[in-house]
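*Asks:* Before anything else, here's the structure in question.
The values are calculated or read from the model by the stated rules, or taken from the named source; none is laboratory data. Just so we're clear, the structure is a prediction, and the values are computed from it rather than from any experiment. Cβ placement follows ideal geometry from the backbone for every residue including glycine, while neighbour counts extend to all protein chains displayed. Please note that ligands, DNA and RNA were not included when accessible areas were found on the heavy atoms of the full protein model with its side chains. Shrake-Rupley method; radii C 1.70, N 1.55, O 1.52, S 1.80 Å.
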Amino acid sequence: MNRRVSILILLDIFLIGVSFWLTTVIKGVSFQTYLGNYGNGVLIFTLTWILTSLIYNKYSFTSYSIKHLSKNIITSNLIVLAIISILIFLTRNDYYSRFIVFSTISFTTLAELFIYNLWGVLKKTQVLPDDVLGKVERSLRRPRPAPTISEEPIDPTRVKTVQKAILSDFSRDVYCFLEQHTNLFSDKTLIIATTTSFNLLNQPNNTFKTIINLKRVNDIRRINKFFEAANEKIPVGGVFVCMAETQEQRKKRILSKFPPILNYIYYLFDFILKRVFPKFSFTKGIYFLLTRGENRVISRAELLGRLYSCGFDVIDEQEIDKMHYVVSQKIRKPYFDMEPTYGPLIKLRRIGKGGKFIKVYKLRTMHPYSEYLQEYIYRKHNLQEGGKFKDDFRVSTLGRFMRKLWIDELPMIINLLRGELKIVGVRPLSQHYFNLYSKELQERRIKYKPGLIPPFYVDNPKTLEEIMASEIKYLDAYDKHPLFTDLKYFFVAVYNIVFKRYRSN
């Protein structure tokens, strides 16, 4: 727990003690006597109060707005009231004074509301001093990267309104990131904080060039529908900005929020409910029933992949205040993929014999929607030895383990039985990877069925050029002696895999 959380816990313990003393004064009884008699009850009450406050993020607030602070306090304290009321009812013990309990809760809540909101006002004053708007306006004259949308006359009133609205709930870093990448003050820029596509599609103005959504993608139930709505509201070349808490950021937050051991227990249950349940059809209903699709776990790869599948190209991304902000640009209409690969068993579009697409079965080793990021990864990281992408963040931790043991490729036996693949042959490629090959090899390799065991495991090539040369060598030999070539390549590949530990990644 950070320093602020520790201070707020100590403050709550102090406020509970003062409130308890105040209720005894009002009731006209001895504080020392009641404290002695209520010792265990006060301890249980205080622990319940602190644990509930931690779980409902009362101490870990990110906004200093009065509405946000008050909502956190009231929600958490009402839960405490409900828990304590249930405990009193279940114990059926009239020894405890309900006046003492409920008055302590009421006084502590009022004190918290006053102190937290006073703190919020002071923090806002620090973030927004009297001349801050003038300073920000002057900062607009600083040299900055060319905007993605043409410059337009700026309305000073809109400038102040937008600046104040953003800085009241977000840090200066967030504001500067948005100001750098968008025409923030243009009347053709829509700034919203919503989780429903209805609020986008229902906008009367259809001439927006930029849409900025300052609500976490994690809380959007139908993410693709939302991104598709954003795509519909802006022209090609228009900008869409969104934000999310990535899976990696979520893990760090949970592990730092709770004490050791307890944090990993909490993370385990969170992992099962938020990451495993949505992947299976028979548990997906339970997941949405319990969560309503809110606070879902989304990896960086899934976030970017969904954007690409919905017609956007990622321009920039940055982690700010433990959130991941993404600036994207519309390049086309969405794919409207009716079969997204979300579950553990996936079907990947690969080029087969005759240039026809086949659906290759595999176990998932990458985060959902990763298949849409091949061009983005290639542009950012290029290829490493063996023809794989460098620094491929799309591969999950479990996926790396599965790839080492070839567990992920076992379902390809289905394609073998269907006659779409043969045992030995050139690797079935995606459209993007296929386009990296020379035209001559492209035209030649579609004359043959792809195979489960590629010539890679015989020649162990390091670069894309060597991979192409290896496949040409195999195809030349296959044209002369098909059966003998496949038998030779099969036994050599098995030997290299088992004894020389050849790996494709």
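*Asks:* Anything in the stretch 310-344 that is open to solvent by 20 Å² or more (accessible area, probe 1.4 Å), among the β-branched types (V, I, T) and not in a strand (DSSP E or B)? List them, or say none.
*Replies:* Listed by number, the list holds a single entry, I331.
*Asks:* Which of the residues belonging to the stretch 486-503 are in contact (Cβ under 8 Å) with a residue 40 or more places away in the chain and buried (at least 16 other Cβ atoms within 10 Å of the Cβ)?
*Replies:* Result: D486, Y489, F490, A493, Y502.
*Asks:* Looking only at the stretch 410-455, which residues are within 35 Å of the chain's Cα centre (by Cα) and in a helix (DSSP H, G or I)?
*Replies:* L410, P411, M412, I413, I414, N415, Q431, H432, Y433, F434, N435
*Asks:* Go through the stretch 293-304 and give me each residue that's open to solvent by less than 30 Å² (accessible area, probe 1.4 Å), part of a helix (DSSP H, G or I) and not aliphatic (A, V, I, L, M).
*Replies:* Filtering the stretch 293-304 for residues open to solvent by less than 30 Å² (accessible area, probe 1.4 Å) gives 293, 296-299, 301-304.
Still in the list and also part of a helix (DSSP H, G or I): 301-304.
Answer for the stretch 293-304, where residues must be open to solvent by less than 30 Å² (accessible area, probe 1.4 Å), part of a helix (DSSP H, G or I) and not aliphatic (A, V, I, L, M): just E302.
*Asks:* Continuing with this model, one more query. Which pairs turn up if I take residues in the stretch 155-180 that are within 13 Å of V241 (Cβ to Cβ) and of a type outside the set (D, E, K, R) and look for partners that are assigned to a helix (DSSP H, G or I) and modelled with pLDDT under 90 with beta carbon separation below 8 Å, at least 6 apart in sequence or on another chain?
*Replies:* As it stands, the answer is Y175/V136, since those pairs meet every condition given.
*Asks:* Restricting the search to the stretch 325-347, which residues are β-branched (V, I, T) and at pLDDT 80 or above?
*Replies:* Applying the first criterion (β-branched (V, I, T)) to the stretch 325-347 yields 326-327, 331, 341, 346.
Within the stretch 325-347, V326, V327, I331, I346 meet the criteria.
*Asks:* For the stretch 1-99, which helices (runs of 4 or more DSSP H) that fit wholly inside it have 1 or more residues that are at pLDDT 80 or above? Step through it out loud before you land on a result.
*Replies:* Numbers: elements: 3-27, 31-37, 39-55, 66-91.
The helices (runs of 4 or more DSSP H) meeting that bar are 3-27, 39-55, 66-91.
*Asks:* Hey, another quick one. State all residues of the stretch 225-242 that are open to solvent by less than 10 Å² (accessible area, probe 1.4 Å) and either touching a Pro at 6+ places or on another chain (Cβ under 8 Å) or closer than 24 Å to R275 by Cβ (or both); if no residue qualifies, say none.
*Replies:* Taking the stretch 225-242 as the starting set, the residues that turn out to be open to solvent by less than 10 Å² (accessible area, probe 1.4 Å) are 226-227, 229-231, 234, 238-242.
Scanning the stretch 225-242 gives F226, F227, N231, C242.
*Asks:* Here is a further query. Report, by residue number, each residue of the stretch 348-397 that is aromatic (F, W, Y), modelled with pLDDT under 85 and open to solvent by 70 Å² or more (accessible area, probe 1.4 Å). Quick ask: steps written out before the conclusion?
*Replies:* Step one: filter the stretch 348-397 for residues aromatic (F, W, Y), giving 357, 361, 369, 372, 376, 378, 389, 393.
Still in the list and also modelled with pLDDT under 85: 376, 378, 389, 393.
Selection gives Y378 alone.
*Asks:* List the helices (runs of 4 or more DSSP H) that sit entirely inside the stretch 155-250 and contain at least 1 residues that are closer than 30 Å to L290 by Cβ. Steps first, answer last, please.
*Replies:* Values: elements: 156-169, 172-181, 198-201, 223-233.
The qualifying helices (runs of 4 or more DSSP H) are 156-169, 198-201, 223-233.
*Asks:* Can you tell me which residues in the stretch 404-443 are without any contact (Cβ under 8 Å) to a residue 24 or more places away in the chain and surrounded by 15 or more Cβ atoms within 10 Å (Cβ to Cβ)?
*Replies:* Within the stretch 404-443, just Q442 meets the criteria.
*Asks:* With (1) outside any helix (DSSP H, G or I); (2) charged (D, E, K, R); (3) closer than 20 Å to L268 by Cα as the list, and K347 as the residue in question, which single condition is left unmet?
*Replies:* (3)
*Asks:* Moving on. Only one of these conditions is not met by R292: (1) under 14 Å from the mean Cα position of the chain (by Cα); (2) farther than 18 Å from H181 by Cα. Which number is it?
*Replies:* (1)
*Asks:* Looking for whichever is modelled with pLDDT of 85 or more and part of a helix (DSSP H, G or I) here; the options are L290, L307. Which one fits?
*Replies:* Details: L290 fails: modelled with pLDDT of 85 or more.
When all the criteria are applied, what remains is L307.
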